[in-house]
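Q: Below is a structure I'd like to ask you about.
The values are calculated or read from the model by the stated rules, or taken from the named source; none is laboratory data. The model shown is predicted, which means the values in this text are computed figures rather than measured ones. Ideal geometry is used to build each Cβ from the backbone, glycine not excepted, and the neighbour counts take in all protein chains shown. Heavy atoms of the whole protein, side chains included, go into the accessibility calculation; ligands, DNA and RNA do not. Shrake-Rupley method; radii C 1.70, N 1.55, O 1.52, S 1.80 Å.
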Amino acid sequence: MTKLKLYTLILSTLTALCCIGCKELDLAPENTFTDLTYWNSEAKAQSVLNTAYSQMFGSNRFFYDEAASDNAFNGRGDTEGAASLAAGTYDPSLGRLQGQWSGNYTGIKTCNILLENIDRVPDMNEDNKARMMAEARFIRAFLHFQLMTWFGDVPLIAQDLTIEEAQIITRTPKEQVLEFIVQELDQVSRILPVRQELPEAERGRITAGAALALKARVHLYEGQWQEVVQATEELISGDSYGSYGLFPSYEGLFLPQNEYNQEDILSLQYVPQFRTWGQFFDMAPLSAGARLNALAPTQELVDSYLTEDGLPISHPHSGYDEENPYANRDPRLTATVVYHLYDWENNGARHTIYIKPGTDPDPSAPDEYVPGSSSTTTGYYTRKYFDPTHLVQFASGLNLMLIRYADILLMHAEAKNELGQMDESTWNLTIQALRNRAGFTASEALQFNSGLAQNEFREIIRNERRVELAMEGLRVFDIRRWGIAEDVLNGWAHGAKFGPPSEDNGYLRVNLRSFDPSKHYLWPIPRDERNINPNLTQNPGWN
């Protein structure tokens with residue numbers, strides 16, 4: 001019922017969405033949102049805010065951004081430009097660049113229109129107005145943050161622009177954009193309600209905790225460690241911004257019956273039958289009903305999961321068996337990745353997934369790796385976010401979490417270590433808690449090791465972040481902010497050990513990647529934008 005109400009509000013603004021979504025920066029024509037006769041009720045203001053919510057982010061980018069990193073491969077097509085970005089074969093004309101730019105600025109325009117016109121609504125409840133304005137400011141900050149992260153210096157648009165202004169605007173230095181984002185999030189976090197104050201009908205709306213969590217992420221991406229610690233400590237303490245915690249089951253965290261649990265801080269909202277996402281139609285095993293495999297985990301991701309003793313598979317005492325590679329591993333591997341002989345379960349029905357060529361007793365062998373077929377391109381499929389209640393073609397109403405409490409713990413651990421403050425209490429609060437929830441039981445995996453140096457803790461925390469958040473679209477930002485993209489995105493991305501033994505020890509070569517650190521850490525400004533507005537300068541290394 002709650003989700004249906006949200007969908008109905010969004011549906012009522014679809015016509016406005018079409019009107020407001022123009023291609024170039026902020027060149028949307030005048031429409032009903034700016035008509036003085038429009039702003040005659042609180043419901044119409046809410047309709048504009050719902051449009052802004054729908055413009056924050058989308059399921060395609062949520063999943064396919066992972067394929068722009070070393071965790072996954074977009075083996076068919078170039079969805080959201082992921083294949084081009086990972087391979088380093090793009091230029092300023094890539095559609096993803098233009099889509100990111102124009103889509104974000106369209107959302108920013110929606111927010112500015114609301115903020116500049118909501119005072120026209122007669123007799124509006126002042127508390128509701130303040131809250132709606134705070135939500136719009138959050139979304140505007142979120143959209144600027146995405147732009148700043150990808151492009152660096154970007155136009156800071158804090159008020160609605162005329163067409164003439166949009167055609168001559170210049171890029172704002174990143175430092176100013178960052179300052180604006182942080183100030184906005186600081187201010188709205190003191191206005192928005194906390195999670196526990198939301199009635200059931202309003203679950204999914206932006207909260208004070210979401211504002212503080214986003215601020216922590218902004219500081220994290222900028223390497224501002226003390227600010228990260230301050231923000232995460234406020235969320236961990238639960239005093240002023242809502243009570244959050246880890247959901248008891250890692251696997252259950254991503255199931256529809258557990259939506260809106262204590263770990264969910266900010267989510268994309270979906271409604272079964274009415275507003276759905278369907279990416280699993282191209283991610284799940286074919287024997288489970290998928291049509292083909294377009295997005296698949298890589299061997300590099302699979303190799304990053306520790307053994308049950310908390311050791312990397314490369315460690316001489318890990319007990320890792322290359323001929324039985326998925327046994328005795330971090331339980332999050334099975335909750336995330338589908339591998340050969342995987343026990344696939346769906347609403348109580350189970351069957352084995354045969355992926356290694358020539359092993360499936362079914363003559364059709366739908367899931368087996370076959371080059372050029374519709375099956376997996378890497379020898380793996382995806383499990384995390386599989387919705388057992390999905391409709392036809394995997395249409396799902398399951399919410400997708402943009403920020404969750406586990407990320408807060410990981411941010412806290414990383415920042416404390418970078419400040420030279422990693423100690424047993426911090427370890428137990430963060431890494432140990434995550435591993436306990438994951439299902440580790442060995443003391444070697446759980447106990448704090450005081451003999452490790454800062455750089456050793458750094459590698460542990462970074463790997464913990466990789467496996468905990470795998471296939472959630474965040475790895476691409478981590479490898480960029482850590483400055484390791486040129487290490488992990490140069491050379492071959494690999495799949496399972498189904499290839500010729502003479503080549504990379506039998507691990508499939510699935511995609512040749514290239515990352516030039518002199519230019520790829522920032523995306524180029526889209527070509528169409530610079531054709532319209534020559535005042536938009538280009539990033540280094542791009543034409």
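Q: Restricting to the stretch 261-314, what's the tally of residues that are closer than 26 Å to A438 by Cα and in a strand (DSSP E or B)?
A: 9
Q: Six or more apart or on different chains, Cβ atoms under 6 Å: show the pairs whose first residue is in the stretch 102-125 and more than 26 Å from I532 (Cβ to Cβ) and open to solvent by 20 Å² or more (accessible area, probe 1.4 Å) and whose second is at pLDDT below 95 and part of a helix (DSSP H, G or I).
A: none
Q: Inspect the stretch 353-372 for any residue being among the basic types (K, R) and part of a loop (DSSP other than H, G, I, E, B) and give the result as yes or no.
A: Yes: the stretch 353-372 contains one or more residues that are among the basic types (K, R) and part of a loop (DSSP other than H, G, I, E, B).
Q: How about the stretch 183-215: which of its residues are touching a residue at least 40 places away in the same chain (Cβ under 8 Å), open to solvent by less than 30 Å² (accessible area, probe 1.4 Å) and among the charged types (D, E, K, R)?
A: The one that is touching a residue at least 40 places away in the same chain (Cβ under 8 Å), open to solvent by less than 30 Å² (accessible area, probe 1.4 Å) and among the charged types (D, E, K, R): E184.
Q: Mind telling me which of the residues Y250, Y270, Y241 ends up being touching a residue at least 40 places away in the same chain (Cβ under 8 Å), buried (at least 17 other Cβ atoms within 10 Å of the Cβ) and over 25 Å from M471 (Cα atoms)?
A: Y241
Q: (1) open to solvent by less than 20 Å² (accessible area, probe 1.4 Å); (2) part of a loop (DSSP other than H, G, I, E, B): which one isn't true of I403, the others all being true?
A: Failed condition: (2).
Q: Of the conditions (1) open to solvent by 20 Å² or more (accessible area, probe 1.4 Å); (2) over 26 Å from S59 (Cβ atoms); (3) out of contact with any His (no Cβ under 7 Å at 6 or more places or on another chain); (4) not acidic (D, E), S318 fails just one. Which one is it?
A: Condition (1) is where S318 drops out.
Q: Can you work out which of the residues in the stretch 340-352 that are part of a loop (DSSP other than H, G, I, E, B) and out of contact with any strand residue (DSSP E or B) (no Cβ under 8 Å at 6 or more places or on another chain) is least open to solvent (accessible area, probe 1.4 Å)?
A: Per the criteria, the residue is G348.
Q: Restricting attention to the stretch 393-446, which residues are more than 20 Å from the chain's Cα centre (by Cα), within 23 Å of G238 (Cα to Cα) and among the charged types (D, E, K, R)?
A: Of everything in the stretch 393-446, those that are more than 20 Å from the chain's Cα centre (by Cα), within 23 Å of G238 (Cα to Cα) and among the charged types (D, E, K, R) turn out to be K416, D423, E424, R435, R437.
Q: Suppose we filter F138, F180, F142 for residues that are surrounded by fewer than 22 Cβ atoms within 10 Å (Cβ to Cβ) and of a type in the set (F, W, Y); which single one remains?
A: Exactly one residue qualifies, and that residue is F180.
Q: Among the residues of the stretch 81-90, are any open to solvent by 20 Å² or more (accessible area, probe 1.4 Å) and under 15 Å from the mean Cα position of the chain (by Cα)?
A: No, the conditions are met nowhere in the stretch 81-90.
Q: Taking only the stretch 363-382 into account, find how many residues are at negative phi and free of Cβ contacts under 8 Å to residues at least 40 places away in the same chain.
A: Total meeting the criteria: 6.
Q: Separate question: Within the stretch 145-177, take every residue that is among the polar types (S, T, N, Q) and crowded, with 17+ Cβ neighbours inside 10 Å and give me the one that is nearest to the chain's Cα centre (by Cα).
A: For the stretch 145-177, the residue satisfying everything is Q146.
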